[in-house]
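Everything below concerns the one structure shown next.
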Amino acid sequence: MARDADTGEGQRMKGAEGSTALVTGASYGIGADIARALAARGHHLVLVARSAEPLDRLAATLEAAHGIRARPLPADLTTTAGLERAAAAARDADILVNNAGAGLGMSFERTTWAEERRMLDLNVVAPSRLLHAALPGMLRRGHGRILNVSSVAATGPVWQGTSYGASKAYGVALTESLAYSRRIRTSPVALTALVLGHTTSEFHERAGIPPSPPSLTLASPYVAELAVRAIHRRRPPVVCVPSLRYKLVAGLLRHLPHRLLALPHLADDFTVTSYGADRPCSGQPASVGGDGEDGILPAEAHGQGQCQS
Ligand SMILES: NC(=O)c1ccc[n+]([C@@H]2O[C@H](COP(=O)([O-])OP(=O)(O)OC[C@H]3O[C@@H](n4cnc5c(N)ncnc54)[C@H](OP(=O)(O)O)[C@@H]3O)[C@@H](O)[C@H]2O)c1
């Protein structure tokens, strides 16, 4: 079914019944756009998120538009039952997109442990579990693609005082650890970490934090198309950073001394900004925040970028 003519793998992932992609966080935002881009290439879909209605709507739209099968799978990935339902579906997936994720818009000492635990369950445990479920089948069948959605906050302490960046760094580290292993390197299975800067989604609005500045914001459909194109390459990049601007940001963050981030205006510091300032340490439930990379670097315009390993 996959009809990506520019790659051999696109053809190899076909199969008589068509290949199936499982996308988490597909009810809206970047995950929904990734699902659209995969459907446009003819992949069948399993769409995972908590909200059943938007999943049903998206599944019906994509089935009608692309003649694929799309199965909504409502599940809360922070619960054992929800995660295991998704893991059962991931076993048969040819493509796994670990996209669902969230942050806490508040400094570490002000969040409750329940909030931290939920974020770690969603950003760390769930993608690991789904990857663990999907990988053996992919290796056995001789094809497979895994896309782990991460953030530039994974490349340095840009959202200072919170654990969000650390949780996203885990996804990049796991991707690299597996992708460079002999077992995976010598197999037709490939893993890619998608390292995103500010991207249009419902993240900021739902979190009740100000939207990111337009000049620093990438369009979600653009990011999704780039990522889906990247995983259809014969040799997908291990790390994919959409846009030249964020490639530069991620490169600088990875290689420059992190003490430079202590300079004023270079990074958001949730221990000194107003986020959560009215809340006592380890107090009441926090609002869920988005990426807080505003102002890492000045940016002139939306960059066009390709993903390189
Ligand atoms: N937007 C940005 O600027 C940005 C930047 C860097 C990285 N990222 C990363 O990109 C990914 C997607 O974020 P987004 O911007 O598209 O955010 P979003 O608009 O808030 O979408 C998040 C998605 O995850 C789902 N989700 C949340 N909690 C869940 C749970 N417990 N179980 C199952 N699904 C859950 C949501 O659906 P339900 O609410 O229906 O469950 C939704 O589909 C995340 O991993 C995020 O860390 C985003």
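Residues with amide H under 5 Å of Thr111's amide H, sequence separation 5 or more or different chain, H placed in the peptide plane at 1.01 Å from N; which?
Ser282
For region 29-125, what does the relative contact order come out to in percent, with C-alpha contacts under 8 Å and a separation of six or more? Before the final figure, lay out each step's value.
Values: 97 pairs, mean separation 22.2, N = 97.
The value is 23 percent.
From zero up to wherever the largest Cα-Cα distance of region 50-149 sits, split into 10 Å bins and tell me the percent of pairs in each.
15, 37, 34, 12, 2
Compare the peptides 45-55, 188-198, 168-178 by average per-residue count of other Cβ atoms within 10 angstrom and give them in order, highest first.
Top to bottom by mean Cβ count within 10 Å: 188-198, 45-55, 168-178.
Just to confirm a number: summing +1 for Lys and Arg and -1 for Asp and Glu over residues other than Leu178 whose beta-carbon lies under 13 angstrom from that of Leu178, what do you get? Write down the numbers at each step before the final one.
On the way: positive: Arg145, Arg182, Arg183, Arg185; negative: Glu176.
Local net charge: +3.
When the accessible area of region 8-289 is split by element with a 1.4 Å probe, what percent falls to carbon and sulfur? Numbers along the way, then the final one.
Working: 6960 of 11980 Å².
In region 8-289, the share of accessible area belonging to carbon and sulfur is 58 percent.
Where does each of 147-153, 211-217 land if you order them by average Cβ count within 10 Å, highest first? Provide the component values of the computation, followed by the final result.
On the way: 147-153: 28.1, 211-217: 14.9.
Top to bottom by mean Cβ count within 10 Å: 147-153, 211-217.
How much accessible area per residue does region 8-289 have, counting only protein heavy atoms and a probe of 1.4 Å, in square angstrom? Before the final figure, lay out each step's value.
On the way: 11980 Å² over 282 residues.
Ligands and nucleic acids excluded, the figure is 42 Å² per residue.
Which of the peptides 117-127, 101-111 is most tightly packed, and how do the rest follow, going by the mean number of other Cβ atoms within 10 Å of each residue? Spell out each step's value before the answer.
Details: 117-127: 20.7, 101-111: 23.1.
Ranking, from highest mean packing down: 101-111, 117-127.
Would you kindly calculate the mean projected area, averaged across all directions, of the convex hull enclosing the Cα atoms of region 8-289, in square nanometres?
Details: hull surface 57.9 nm².
Here the figure is 14.5 nm², rounded to one decimal.
The values are calculated or read from the model by the stated rules, or taken from the named source; none is laboratory data. Model, not experiment: these values are computed from the prediction. Note that we place each Cβ from the backbone using ideal geometry, even for glycine, and neighbour counts take in every protein chain shown. What goes into the accessible areas is simple: the full protein's heavy atoms, side chains included, and nothing from ligands, DNA or RNA. Shrake-Rupley method; radii C 1.70, N 1.55, O 1.52, S 1.80 Å.
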